[in-house]
Amino acid sequence: MKNYFPFLLLIFFTLCAFGKAPKEGLLWKISGNGLTQPSYLFGTWHGDTELRNQSFLDSVPGFHASFRSVKQFMCEKTLTGASKSTNSSQDKLRAVMLLPKDTTYSDLLDKSQISILDTFLTKKLKVTSDKMNLRPNALSYILTQMISEDTVRSRIRQKVMILESSTRLPDSVVIARRKQLYSEQDIMDYALLKKAEAKGMEVVGLDELIEYQPIMLFTTDATLKQQADSLVRFINRSGFDHLVDSMNLLTSALRDVYREQNIHKLKDEKQKLMDGIVKMDTWTKNKMDEMTQSLVSDRNRDWMKHILTYIKNKSTFIAVGALHLPGEDGLIQLLRDAGYTVEPM
């Protein structure tokens, strides 16, 4: 039985945007409806190394001025978000991510399968299966992220090597560029969070306010045995590498369009991506619809109950995945429905 869904979750979770948007742009100004100072809404990229370079923000019109002008920063999660979640919320997430206390991978796999898994885990995580307490579904998700990251980082290195071999730039410039691109950097959301903390802004985590946990990312109808068998099959057949290559091919257009800061094109590329995912595994269509509702539409509406209060009290910079901005259930439209003027910068 093929079980592609755990591996396709990463594609869905890093989608940039969808739906109908009135104009291009990633940064939007919120004003009117009694606000004495404007607030701002910015669509981030949750994805991989290629857009972690913080210099990308220099290309966003009005970004730095608007960021400096506010007193408060709202994001999806803060660095201490997990500790602020209720015990009940954390327990629900643990239940879908961790193996039952009385279950190990040796209970799910035979000796030959354990050998394959241990070799792979030792290489990627420097740990063996007897020390792993993540469910196969959750482990699959994390491993796919890691391999995707490695693939993208390798591609960047190749591009830089070609560029460096054909340029006459001073050594100091080449070294600075190499350091910037090769170094580990926070994803855009965390980089902005740290920037806000460094400026002394009040920081608010939206998911903490609504006690949201991404449970749907790790739920499946497959049994633990089926999940584990699927994980080993992918490892043994280099399925991870094949899937990651396919995933990077599907998402490359979205990366390019995000760089262009073009919400109209993002809508079109998102649809192409979704069509490609369904071709890889038609079973995912209904599940993707459910996840869109849970991860985006429902979450936006729950966030809005708090966003409206916070922007009335203090000028706020709201930074969330660009996926959450456009569409009828997007934050842009929901803010407009609440009586605010929302316009691109």
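The values are calculated or read from the model by the stated rules, or taken from the named source; none is laboratory data. Everything numeric in this text was worked out from a predicted model, so none of it was measured. So basically every Cβ, Gly included, is an ideal-geometry build from the backbone, and we count neighbours across all protein chains shown. Ligands, DNA and RNA are stripped out before the accessible areas are found, and what is left, the full protein with its side chains, is counted by its heavy atoms. Shrake-Rupley method; radii C 1.70, N 1.55, O 1.52, S 1.80 Å.
With respect to Asn133, is the statement that it is modelled with pLDDT under 90 and of a type in the set (S, T, N, Q) true? Answer is no for this residue. The set of residues from the stretch 310-332 being in contact with a His (Cβ under 7 Å, 6 or more places away or on another chain) and assigned to a loop (DSSP other than H, G, I, E, B) comprises just one member, Gly330. Look at (1) β-branched (Val, Ile, Thr); (2) under 25 Å from Ser140 (Cα atoms); (3) open to solvent by less than 60 Å² (accessible area, probe 1.4 Å) and you find that Val204 fails only one, number (2).
Go through the stretch 319-345 and give me each residue that's of a type in the set (A, V, I, L, M), open to solvent by 10 Å² or more (accessible area, probe 1.4 Å) and within 21 Å of Gln72 (Cβ to Cβ). The answer is Leu334, Ala338, Met345. Can you tell me which residue among Gly32, Gly25, Gly19, Gly43 is modelled with pLDDT of 85 or more, on the phi > 0 side of the Ramachandran plot and touching a Gly at 6+ places or on another chain (Cβ under 8 Å)? Result of the check over Gly32, Gly25, Gly19, Gly43: Gly32.
Within the stretch 65-84, is even one residue within 19 Å of the chain's Cα centre (by Cα), modelled with pLDDT of 75 or more, in a loop (DSSP other than H, G, I, E, B) and closer than 24 Å to Gln333 by Cα? Among the residues of the stretch 65-84, at least one is within 19 Å of the chain's Cα centre (by Cα), modelled with pLDDT of 75 or more, in a loop (DSSP other than H, G, I, E, B) and closer than 24 Å to Gln333 by Cα, which makes the answer yes.
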